[in-house]
Every structure is written in C-alpha cells, then in structure tokens.
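What follows is a short report on a single structure.
The values are calculated or read from the model by the stated rules, or taken from the named source; none is laboratory data. The shown structure was predicted, so the numbers you read here are calculated from the model rather than taken from an experiment. Here the Cβ positions follow ideal geometry from the backbone for every residue, glycine too, while neighbour counts run over all protein chains shown.
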Amino acid sequence: DAGVIQSPRHEVTEMGQEVTLRCKPISGHDYLFWYRQTMMRGLELLIYFNNNVPIDDSGMPEDRFSAKMPNASFSTLKIQPSEPRDSAVYFCASTLGFTDTQYFGPGTRLTVL
Amino acid sequence: AQSVTQPDIHITVSEGASLELRCNYSYGATPYLFWYVQSPGQGLQLLLKYFSGDTLVQGIKGFEAEFKRSQSSFNLRKPSVHWSDAAEYFCAVGAGMGNTPLVFGKGTRLSVIA
C-alpha cells in the first residue's frame, strides 16, 4: 500500500496567489481529514469528509480556504488568496471508520512570501 | 468535548535511559487513545492505540503505554531510548460515541543525547 499521498511536498508562493494542495487517501478508507500544523497552534483540524461529503468544516479559518473531495481517491485544499500567515505544514489523513487509526500523509510545507 | 494535555514541551534523555512521556485527557466516557510520532519533515506515524481491554498497550519500536482511568492518563514509556527515537510525540484522544474527531495534544519534543 502506498499510504496517503500528498502533493506538492513543498510550495512557495507569493501573497495573493491561489494555492492548491492535493491528497490521495488510502484506497478503501471512508474518512479524510485535512490538518494544519504550526509552531504556535500545533495540529489543527480544518475539515473532514465522510464518503466524499464534507461533514465538519468548522476548523476552516476563513472563507479564503475551501476543500473538495470529488471522488473517493482525491481531495483538494485551496487557499485563495494566500497570505503569509497561511504558511504552515498541511497534512491529509485518512481512516476506515471514524474512530479508527488515522494514517497521515507526509505533508505539504507551504510558504507564502 | 474531549481534550488532551501533554505537560512537557521538551524532554532530553540520555541514550539508553528510560523514557516516560505524559498525557492527560478529559472525557466523560471511555476514550480512544493514541500515541503518534513525527520525525522531522515527516507525517505522523501511529505508535500504539488503546480502545478497550488490557490497559497496558504495546506498540512499535519498543514503546508501551498504560491507560489509567483514575488518573485520566495515558503515559508513553520506553525502557531504553535509542538516538533514533528523537522526534515529536503526540497524544490524541477520540470519543467512543458521536462524531467528535480526534483531538491532538500540543506534542512533546524528545531529544536524545549520547
């Protein structure tokens, strides 16, 4: 099993640009989670999906953030427009069953200049 | 809603010494408990988990953790630390019922010295 795949691994962009982060969950998993990790705030849950449907997006910081899951094997997290305070590591995780082990991807390190 | 506290931000131990990382949780019922490890530049990897049954749980890399309901704790232990154990460790608590997702602690950074 390839595990959770995220791309790109690193993204450097300028303030105001659109950023799209991608995630491929483990095949067969029915939950997908997006997290953001910073030194100041630790690991924050942004949004999660069940069977491709967004269940809870209360962690999404602003309207500039949006997430989609068009099918069971692909999800995107978009930031438009990006700001320097969005600089962080963004993780995607998937699980089979809500309370079971979450498997994390390697993360995308985003730097907004 | 559940919450989790890792009181130690940073711990330094000598190679070969024993290790205990603390985790305290708050939840009204029996929680699901996890320990994850994050090496620099990597995602989080599961070390072990507790759902029910035996309160002493064995994990990968020689780690173990003990669930103590009376103390609301789930401390992680290892009898002899290796230099490769240097990493960030996260405790997480999940609710057995409902749709409340995992809550992660702030993490404890472990440094290992020779």
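Observations, loosely collected:
- Test: residue A:63 is at pLDDT below 95 and more than 13 Å from chain B (Cβ to nearest Cβ): yes
- Whichever residue in the stretch B:24-44 is surrounded by 16 or more Cβ atoms within 10 Å (Cβ to Cβ) and over 10 Å from the mean Cα position of the chain (by Cα) and, among such residues, is farthest from the other protein chains (Cβ to nearest Cβ): B:25
- Qualifying residues in the stretch B:7-17 (those that are within 15 Å of the chain's Cα centre (by Cα) and surrounded by fewer than 13 Cβ atoms within 10 Å (Cβ to Cβ)) - the one nearest to the other protein chains (Cβ to nearest Cβ): B:9
- Checked against (1) buried (at least 20 other Cβ atoms within 10 Å of the Cβ); (2) over 14 Å from the mean Cα position of the chain (by Cα), residue B:4 passes all but condition (2).
- Neighbours by Cβ (under 6 Å, 6+ apart or cross-chain): first from the stretch B:97-114, at pLDDT below 95; second outside any strand (DSSP E or B): B:100/B:1; B:103/B:2; B:105/B:6; B:106/B:6; B:114/B:15
- Residue that is nearest to the other protein chains (Cβ to nearest Cβ), among those in the stretch B:45-61 that are surrounded by fewer than 14 Cβ atoms within 10 Å (Cβ to Cβ) and not in a loop (DSSP other than H, G, I, E, B): B:60
- Close pairs from the stretch A:39-57: first within 11 Å of chain B (Cβ to nearest Cβ) and of a type in the set (Asp, Glu), partner in a strand (DSSP E or B) and crowded, with 16+ Cβ neighbours inside 10 Å, Cβ under 6 Å, at least 6 apart: A:44/A:36; A:56/A:48
- Among the residues making up the stretch B:88-114, none is in a strand (DSSP E or B) and at positive phi.
- Residue A:6 within 22 Å of residue A:111 (Cα to Cα), over 10 Å from the mean Cα position of the chain (by Cα) and polar (S, T, N, Q): no
- Residue pairs whose Cβ atoms lie under 6 Å apart, separated by 6 or more positions or on different chains, with the first residue in the stretch A:97-113 and at the interface with chain B (Cβ under 7 Å from one of its Cβ atoms) and the second assigned to a loop (DSSP other than H, G, I, E, B), are A:104/B:43; A:105/A:4; A:105/B:43; A:106/B:43; A:107/B:43.
- Total residues in the stretch A:1-52, condition among the hydroxyl-bearing types (Ser, Thr, Tyr), in a strand (DSSP E or B) and out of contact with any Cys (no Cβ under 9 Å at 6 or more places or on another chain): 5
- Residue within the stretch A:53-72 that is part of a strand (DSSP E or B), surrounded by 15 or more Cβ atoms within 10 Å (Cβ to Cβ), in contact with a helix residue (DSSP H, G or I) (Cβ under 9 Å, 6 or more places away or on another chain) and of a type in the set (D, E, K, R) present: no
- Of the residues making up the stretch A:29-50, just one is more than 19 Å from residue A:68 (Cβ to Cβ) and surrounded by 22 or more Cβ atoms within 10 Å (Cβ to Cβ), namely A:43.
- Within the stretch A:73-87, if we keep just the residues that are out of contact with any strand residue (DSSP E or B) (no Cβ under 7 Å at 6 or more places or on another chain) and assigned to a loop (DSSP other than H, G, I, E, B), the residue that is nearest to residue A:24 (Cα to Cα) turns out to be A:80.
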